Amino acid sequence: TCTQINRNAALHPLWQSELSVSGGTRQSPINIHWRDSVYDPHLKPLKIHYDPATCLYIWNNGYSFQVEFDDTTDKSVIMGGPLENHYRLKQFHFHWGAINEWGSEHMVDSKVYPAELHLVHWNPVTSTSFEDAIMENNGLVVIGVFLKLGAHHAGLQKLVDALPAVKHKDAIVEFDVFDPSCLMPSCPDYWTYDGSLTTPPLTESVTWIIKKTPIEVDQNQLEEFRMLLFTSAGEEEKRMVDNFRPLQPLMNRTVRSSFR
Ligand SMILES: CC#CCNS(=O)(=O)c1cc(S(N)(=O)=O)ccc1C(=O)O
Ligand SMILES: [Zn+2]
C-alpha cells in the first residue's frame with residue numbers, strides 16, 4: 001500500500017543503512033499474526049513493581065527520548081510472565097511516526113499504531129551489568145505497549161510537559177518521581193517471543209513482551225513527541241519522527257499468547 005511504501009521511505013539514517021546482523025535469525029520488530037500465536041497455559045501473569053523514586057532523568061539520545069532509572073538495586077523490577085527470574089528496569093523510550101497512520105515498530109495482523117512504548121529491563125541474575133546483559137541470550141526483556149489516538153493520558157502528560165526541555169539531541173533534564181506503571185494498560189493479556197534490539201547493536205538478547213491492549217493518548221500529546229528534534233542545538237533542525245525499524249522476518253519463531 002502507498003502508506004507502507006511512504007512509511008519505509010521516511011526512515012531515520014540509523015536504519016536507512018539497515019544493518020542486518022549477519023545471520024540474524026531472531027530480529028525485531030515483527031508483524032504478530034494473532035491466529036498463528038499459540039496460547040501457552042504455563043505463561044504466568046506479568047508482575048510489575050516499579051519504585052517511582054528510582055526515576056533519574058529524561059534525555060534526547062538523537063533517535064528517541066528516554067527516561068533512565070537507577071538500576072543498582074532491585075527496587076524497580078518485573079517478574080512472572082515468561083520469565084524465570086526478576087529483571088531490573090533500566091530505561092523506557094518510544095517510537096512514533098510523522099502522522100497517526102504509522103509509528104509503531106511491532107504490528108498486529110499488519111495493523112500499525114501511531115506509537116509504541118518500550119520498557120527495557122535486564123537480568124541481574126545472569127549478568128553483572130546492563131552492558132553485559134545486552135550481549136547475553138535472554139539478557140534483556142522489553143515490554144512493548146501500543147499507543148492509539150484517543151483520550152488524553154494524564155499519566156503521560158507529566159512526561160510530555162518535560163519534552164520541550166529535551167528538544168535537541170543530547171539534552172538532558174532531571175526527572176524525578178515518575179511511575180511508568182501508569183503507562184501500562186489494565187488488561188493483563190500479552191504476546192511473547194524471542195527477538196532483538198531494534199536499534200544498533202541489534203543483538204538477539206531480548207525476550208519481547210507485547211501487551212495486547214493499547215493505551216490511549218490524545219492528538220496534542222502525539223504532536224508533542226513530533227516537536228522533538230534528531231539534531232543538536234545549532235544544527236539545521238530535523239524533526240524527530242519515524243524513528244522505527246522496518247519489520248523483520250519471523251523465520252523459525254513462534255509467538256506465544258498469555259490469553260485464549
Ligand atoms: C550499547 C547498547 C544498547 C541498547 N540499549 S537499550 O537496550 O537501552 C535500547 C533498546 C532499544 S529497543 N527499541 O530495542 O528497545 C532502543 C534503544 C536503546 C538505547 O540504548 O537507546
Ligand atoms: Zn524501542
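The values are calculated or read from the model by the stated rules, or taken from the named source; none is laboratory data. Everything quoted here is computed from the prediction, not taken from an experiment. Note that each Cβ is placed from the backbone with ideal geometry, even for glycine, and that neighbours are counted across all protein chains shown. With ligands, DNA and RNA removed, areas are computed over all heavy atoms of the protein, side chains included. Shrake-Rupley method; radii C 1.70, N 1.55, O 1.52, S 1.80 Å.
Each Lys and Arg contributes +1 and each Asp and Glu -1, all at the Cβ; summed about the Cα centre of the chain, the dipole is approximately 800 debye. Charges were assigned to the Cβ only: +1 to each Lys and Arg, -1 to each Asp and Glu. The resulting dipole of segment 17-102 about its Cα centre is roughly 160 debye. Here each label is just a point 7 Å from Cα along the line to Cβ, and for V38 and R260 those points are 1.9 nm apart.
The length gained by stretching the chain between M135 and K111 to full extension, at 0.36 nm per residue less their Cα-Cα distance, is 5.5 nm. Computed on segment 160-260, the Cα convex hull volume stands at 158 Å³ per residue.
In the chain, the inverse of the mean reciprocal separation of distinct Cα atoms equals 18.5 Å; this is its Kirkwood hydrodynamic radius. Note on segment 67-110 and segment 191-219: Cα centroid distance 6 Å, given to the nearest whole angstrom. The distance between label points at R226 and I99 comes to 0.9 nm (points 7 Å beyond Cα on the Cα→Cβ vector). Computing FRET efficiency as 1/(1 + (r/R0)^6) for H49 and E174, where r is the C-beta to C-beta distance and R0 is 35 Å, gives about 0.90.
Think of a 1.4 Å ball rolled over the protein heavy atoms: segment 146-260 then has 45 Å² of accessible area per residue. Here the translational diffusion coefficient of segment 97-143 follows from Stokes-Einstein with Rh set to the Kirkwood radius across Cα pairs; for 25 °C and 0.890 mPa s it amounts to 198 µm²/s. Modelled this way, with points 7 Å down the Cα-to-C-beta line, the labels at R239 and K167 are 1.4 nm from one another. Residue-wise HN-Hα couplings along segment 85-96, as the Karplus relation 6.51 cos²θ - 1.76 cosθ + 1.60 with θ = phi - 60° gives them from phi, are 8, 8, 10, 8, 6, 9, 6, 10, 7, 10, 10, 8 Hz; Gly and Pro carry x.
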